[in-house]
Amino acid sequence: MNENRKISVLIPCFNEEEVIEECYRRVTTVFADINYHLELVFINDGSSDRTAELIGELCMQDKRVLFVDLSRNFGKEAAMSAGIDLMTGDAALILDADLQDPPELIPEFIKMLEQGYDNIYGVRTEREGESWIKLKTAEIFYSVLKKMSFVDIPQNAGDFRMLSKRTIEAIRKLPERQRFMKGLFAWVGFNTVAIEYKRDARSAGETKWNYWTLWNFAIEGITSFSTLPLRLASYLGIIISFVSFVYALIVFSQALFFGVDVAGYPSQMVVMLFLGGLQLLFLGIIGEYLGRVFNETKDRPLYMTKKIINQSDVAELN
Ligand code: UDP
Ligand code: MG
């Protein structure tokens, strides 16, 4: 009864020439044994190596491959959005090109889909080939985010997940330009379930993330899903005003009863520098949010496509 159903496997690729063919081979092998049609969407996110060429070759050999070539590097979040917009399957599976998330798990995802789940995400129980520091910082980030935000973004879940048709449609409706996909996936809700798996080391090539991109990713996550940092300014303001008031009373009564004492330069300096720093910090935080409002109002498209091959070449160039 499933013969007519199609799964779209979405694979964002940025300089992945070493793994594209292996990735294609492993995904198609999995689909040889299951009762679903396959649509394999490779999104080339502005690679500067032979990634585009290799995908081009694959889609000549195999009509199930859809090649979406973005006009430059837009980042993985935008690449995933491009895949979500252009896919035609009845469900989507998001996969990293480097095969850190094993395609062999696809049948398990499908089993959950058949049981009526919409939002099936992989949870990494172990991660190979990643440093202790990266794991620890990731852990801290997710626990902080969980405490701060309105949505429950699962810890240790990546972008490896399967989404049902209605979840995909819900995500397509989200208009925001700044996309913290993990948060958006959690935000749309529906019947959500986790699948545990062991995350392998990269099969080849280098990770595209460094601590700077991860830091920016963390800021993106927090500012997209929480306004707590803004509120913090109000709370700190209240506390500091209260303390200042008490201190003012002390200074005033001292002056009244013991006469004016001109000393106190060091303490004044400390207070001035501390409050100055605090004010700049919160100006910065307000700026972060303001910058995001600015970016949203520009209303630019999330990505630009240079070329699309197959799926009857969808809607030519935009
Ligand atoms: N990726 C992308 N655009 C980017 C960076 C990464 O499409 O700007 C893709 C990359 O090709 C891979 C996936 O996102 O398929 C995950 O990237 P990576 O393996 O570097 O991240 P990690 O697994 O280390 O978190
Ligand atoms: Mg990876």
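The values are calculated or read from the model by the stated rules, or taken from the named source; none is laboratory data. If you're wondering where the values come from, they're calculated on a predicted model, not measured in any experiment. Please note: Cβ atoms are built from the backbone with ideal geometry, for glycine as well, and neighbour counts cover all protein chains shown. All accessible areas refer to the heavy atoms of the entire protein, side chains included, with ligands and DNA or RNA removed. Shrake-Rupley method; radii C 1.70, N 1.55, O 1.52, S 1.80 Å.
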Let me check against my output: what whole-number percent is the relative contact order of region 61-200, with C-alpha pairs under 8 Å and at least 6 apart? 38 percent
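Please work out the ratio of the alpha-carbon Rg of region 146-299 to 2.2 N^0.38 Å and round it to two decimals. Can you show the working numbers first?
Numbers: Rg = 23.9 Å, N = 154, 2.2 N^0.38 = 14.9 Å.
Cα-based Rg divided by the globular estimate yields 1.60.
Show me the GluC sites (Glu not before Pro) within region 232-317 that DSSP assigns to loop and that have at most 13 other Cβ atoms within 10 Å of their Cβ.
Working: sites: Glu288, Glu296, Glu316; in loops: Glu316.
Within region 232-317, the qualifying GluC sites (Glu not before Pro) (loop, at most 13 other Cβ atoms within 10 Å) are Glu316.
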Cα axis of helix 20-32 to longest principal axis of the chain: angle in degrees, 0 to 90, nearest 10? 60 degrees
Scaled by the rule-of-thumb 2.2 N^0.38 Å, the alpha carbon Rg for region 46-190 gives a ratio of 1.12
Using Cα positions and a limit of under 25 Å, work out the lysines in reach of Lys111, with same-chain residues fewer than 8 apart set aside. Lys6, Lys165, Lys182, Lys198
At q = 0.22 Å⁻¹, what log₁₀ I(q)/I(0) does a Debye calculation on the Cα points of region 119-221 give, no solvent, two decimals? -1.39
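For the chain, what does -39500 (n - 2.57) per DSSP helix run (n ≥ 4), summed and divided by total residues, give at 222 nm, in deg cm²/dmol to the nearest 500?
Helices in the chain give a 222 nm mean residue ellipticity of -16500 deg cm²/dmol.
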How many percent of the alpha carbon pairs in region 1-78 exceed a separation of 18 Å? 39 percent
Computed over the chain, Cα set: Rg, Dmax in Å: 25.2, 93
Computed over the chain, protein heavy atoms only, probe 1.4 angstrom, the accessible area per residue in square angstrom equals 54 Å²
Could you give the angle, 0 to 90 degrees to the nearest 10, between helix 265-298's Cα long axis and the longest principal axis of the Cα atoms of the chain? 30 degrees
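Accessible area of the chain with a 1.4 Å probe: how many percent of it is carbon plus sulfur? Can you show the working numbers first?
Values: 10590 of 17320 Å².
On the chain, the fraction of accessible area on carbon and sulfur atoms equals 61 percent.
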Where does region 169-216 land on Rg(C-alpha)/(2.2 N^0.38 Å)? 1.56
